[in-house]
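These notes are about the structure you will find just below.
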Amino acid sequence: MAWKCFSRCFCTTSQQSQGPRVIGICGTWKDGKSSLINGLMGITNSDPRAAIVDQSSENTTKRKYKVDEKTMLIELPHTRRLEETPKDYFKNHHLAEFGLLVFVTGELVRKKDIEIASIARQYNIDCIFVRSACDRDLKPISDNAEEQKAKKQRLKQFGLEKYLQDIEKYPTLQGVKCYFVSSCCFYENCNPRDKRAFGLDEDELKEKLLRPRAIGICGTWKGGKSSLINGIRGIANGDPRAAFVDPCLESTSEHGYGIDEKTILVELPHTDQLEETPKEYFRNHRLNQFNLLVFVTGQMVRREVTDLASIAIQRNIDCIFVRSACDKDLTPILYDSEEQEAKKQRFKQSGLKKYFQDIEKYSALQGVKCYFVSSSCLYENCNPRDKLAFGLDEDELKEKVLGT
């Protein structure tokens, strides 16, 4: 379904030049952050380009490693410093700026890492846990292949039991994903015997971290999904490349629009089809495969949309709400610029009040971000007078969606 159009759209020429996706690698000293980074980069620990693996010193600064044009890994300072509380660590190292945080751990997950992840999830930041260097615990290799396979399954099963026992005490971390990896199995030239003996979740983790970023655009009929997509892509509604805007037709299929080599927007079928419950919609359109879901709405948020967003967040999928086409409600333009600014602020304040009245009835949606946008103000060549009159959260939304 959605993935059929992904590959097609990524073959198109890039429409915009965006920076790489930035992923934070967190963890305590000696738990394998550097080895994981090297594995993801496809290089050994001894390679001159490798992240430094030195068990005699603690990393107290950020280090950047470019995987490719689309992905940058940031090795963050170790989380074990006693002088930093989880809140201090989150603030001091600007974790709110990351789209994804990877917490690398040993046999047990430390309480401080869990608390940092819990804070990050409250800010709607995607988090995963990675149990690294599993190959150390899977040695020596059993000569019996079935026995070695059972050994791997036991390691993962017992590890997950320990992990989830601590992680799921925090409501915001319910359903968070945990991966078990052996660094040697990341390399393309990995010895087939080692791959059989130690291979666990490496391919799944690489797909999570390195695959193109897929963003689902959800909403009801006439809610403004197509206009928002066109605005983010910087093209007018009438452009031949534009998402189709037709108030007389309902979209019942998925349409993909490539932004660049690392980002695709997928316009999903409208959410107010009576024959689909929110759970069925989530399953039928495979929403679990998206990195971010954008719920585009009008003046009010429909119940089926909030139900759907609640299901997604419970499955650790980042969600935001967008109130589109605000310029329609802000016309005519007042000639006094201060009065027009006050009009915009009143409009947004009143809108947020209505939004949160419905959204925050759901515990999973506490703190979810809502953006107010005027489609015309998303274009780079937007008329300065229009930008002044109608501009709201467009720049902030583009930063969130495109990582600019």
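None of the figures in this text is laboratory data; all of them are computed from the coordinates on show. In this text, all values refer to a predicted model and were calculated from it rather than measured experimentally. A quick note on method: Cβ atoms are made from the backbone with ideal geometry, for glycine too, and the neighbour counts reach across all protein chains shown.
Details
- For segment 127-190 and segment 72-98, distance of Cα centres in Å: 24
- With the Kirkwood sum run over all distinct C-alpha pairs, segment 17-128 has a hydrodynamic radius of 14.3 Å.
- Evaluating 6.51 cos²θ - 1.76 cosθ + 1.60 at θ = phi - 60° for every residue in segment 123-138, the Karplus couplings come out as 9, 6, 9, 5, 9, 9, 10, 10, 8, 8, 6, 5, 4, 4, 8, 9 Hz, glycine and proline recorded as x.
- Across segment 82-99, coupling constants 3J(HN,Hα) worked out from phi with the 6.51/-1.76/1.60 Karplus curve, θ = phi - 60°, read 5, 6, 10, 6, x, 5, 4, 4, 4, 6, 4, 9, 6, 5, 5, 7, 8, x Hz, and Gly and Pro carry x.
- Isotropically averaged projected area of segment 19-210, using the convex hull of Cα atoms (one quarter of hull area), nm²: 11.0
- Dipole magnitude (debye, nearest 20) for segment 246-366, charges at Cβ of Lys, Arg, Asp, Glu: 500
- Among the chymotrypsin sites (Phe, Trp or Tyr not before Pro) within segment 302-404, those in coil by DSSP and having at most 15 neighbouring Cβ atoms inside 10 Å are 335.
- Taking the Cα centre of segment 159-212 as origin and assigning +1 to Lys and Arg Cβ atoms and -1 to Asp and Glu Cβ atoms, the resulting dipole is close to 40 debye.
- Under the criterion of Cα pairs below 8 Å and six or more residues apart, the relative contact order for the chain equals 16 percent.
- Between amide H atoms placed 1.01 Å from N, distances below 5 Å from residue 177 occur with 129, all of them 5 or more places distant or on a separate chain.
- Surface/4 estimate of mean projected area, convex hull on alpha-carbon atoms of segment 213-344, nm²: 9.5
- Of 91/361; 66/195; 162/400; 33/111; 279/361; 91/344, those spanning more than 23 Å from alpha-carbon to alpha-carbon: 91/361; 66/195; 162/400; 91/344
- Using alpha carbons only: equivalent-ellipsoid semi-axes of segment 146-237, gyration tensor based, whole Å: 39, 21, 9
- Total charge dipole magnitude, the chain, about the Cα centre, Cβ charges on Lys, Arg, Asp, Glu only, Debye to nearest 20: 660
- A simple spin-label model places pseudo-atoms 7 Å from Cα toward Cβ; at residue 315 and residue 141 they are separated by 3.7 nm.
- For segment 213-402, the relative contact order comes to 23 percent (Cα pairs under 8 Å, sequence separation of at least 6).
- Global form of segment 335-404, assessed from the alpha-carbon gyration tensor, a/c cut-off 1.5: oblate
- Selection of GluC sites (Glu not before Pro), segment 298-404, meeting DSSP coil and at most 10 other Cβ within 10 Å: 380
- Residue 133 long-range amide H proximity, modeled H, under 5 Å: 181, 183
- Relative packing of 183-189, 38-44, 307-313, which averages over residues the other C-beta atoms within 10 Å, highest first: 307-313, 38-44, 183-189
- Other-chain or far-sequence residues with amide H under 5 Å of residue 318's (modelled H): 293
- Read-out Cα extents along the principal axes in Å, derived from the coordinates shown; its label in [x] 77, 75, 50; [y] 75, 46, 41; [z] 61, 54, 41: [y]
- Anisotropy class of segment 106-197 from Cα gyration tensor, a/c 1.5 cut: prolate
- Rounded to whole Hz, the Karplus (6.51, -1.76, 1.60) HN-Hα couplings of segment 195-201, x for glycine and proline: 4, 5, 6, 10, x, 10, 9
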